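Presented below is the structure to which this report refers.
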Amino acid sequence: MKEMLELVEGRTDGLDSIEEQLRDFVLYSLDANGEKLKGLLEYTTEKLAERDENLEDMVSAMKKEIEELKGELTIYKVALSNGMLSSRLKQQAKDVPKLEKPTDEKRSGNAIRTWEEFQREVKKQFYPQYAEKEARAKLYRLTEKEAFYWFEDGLKSWAKHEL
C-alpha cells in the first residue's frame, strides 16, 4: 500500500506541474489578447476622433452657407418690398381677326338661315383672300429639289420607301 501511495503521489506531482504550465499558458494568452484588444481600442479611438473632426468641419461649413443664404434672403425680401422684382408681363396686342356679325346690312337684308350659308360666312372671315394664288406663287418659286422634298414629306411611309 505504501508503494501505491508513492505511485499516487508521483502522479499528483506530475499533475501539479501540468497545472502550473496550464496557468502560465492561460496568463500568457490573456496578456497577448489584452495587447491586441488595447491596439484595437486605440485604432478605433483614432478613427472616431477623425470622424468627429470631419463632422465638425462639415457643420461649420453648413453654418457658414446658412448665414450666406440668410443674407441673400434678406436682400430678396428688401427687393420685393421695394417692388423691384414685381415685374408683370405686359399685355401685348394680338392681331386676331374679329368675327363680323352676319347682319342683314352686310348680306343685303338676308340673314343666315342654313348650315351651308354659315360655313361660307365663316370661311370668308378666316381664310385669306388670296391663299390659293400665294400658294401657287410659292410653288413656282421652289427649285426642283425643294419641290421634291416637300412632295416626299407628304407621302406615306410605304410610298417613301418605294422612292
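Brief remarks on what is shown
Listed here are the residues, each with its yes/no results for (1) over 30 Å from Pro128 (Cβ atoms); (2) modelled with pLDDT of 90 or more; (3) more than 48 Å from the chain's Cα centre (by Cα); (4) assigned by TED's automatic domain parsing to the domain that holds Gln119.
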{"residue": "Arg11", "(1), (2), (3), (4)": "yes, no, yes, no"}
{"residue": "Leu22", "(1), (2), (3), (4)": "yes, no, yes, no"}
{"residue": "Leu41", "(1), (2), (3), (4)": "yes, yes, no, no"}
{"residue": "Met58", "(1), (2), (3), (4)": "yes, yes, no, no"}
{"residue": "Glu65", "(1), (2), (3), (4)": "yes, yes, no, no"}
{"residue": "Lys98", "(1), (2), (3), (4)": "no, no, no, no"}
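- Cβ-Cβ under 8 Å pairs, at least 6 apart or on other chains, the range 122-140 side under 26 Å from Ala111 (Cα atoms) and not assigned by TED's automatic domain parsing to the domain that holds Phe151, far side surrounded by 11 or more Cβ atoms within 10 Å (Cβ to Cβ) and of a type in the set (Val, Ile, Thr): none
- Matching residues in the range 111-152 - criterion: being in contact with a helix residue (DSSP H, G or I) (Cβ under 9 Å, 6 or more places away or on another chain) and either surrounded by 11 or more Cβ atoms within 10 Å (Cβ to Cβ) or part of a helix (DSSP H, G or I) (or both): Ile112, Leu139, Leu142, Ala147, Trp150, Glu152
- Yes/no for Lys90 being at pLDDT 75 or above, under 49 Å from the mean Cα position of the chain (by Cα) and exposed (fewer than 10 other Cβ atoms within 10 Å of the Cβ): no
The values are calculated or read from the model by the stated rules, or taken from the named source; none is laboratory data. Bear in mind that the values here come from a model prediction, so they are computed numbers and not experimental data. Methodologically, a virtual Cβ is constructed for each residue, glycine included, from the backbone with ideal geometry; neighbour enumeration extends over all protein chains shown.
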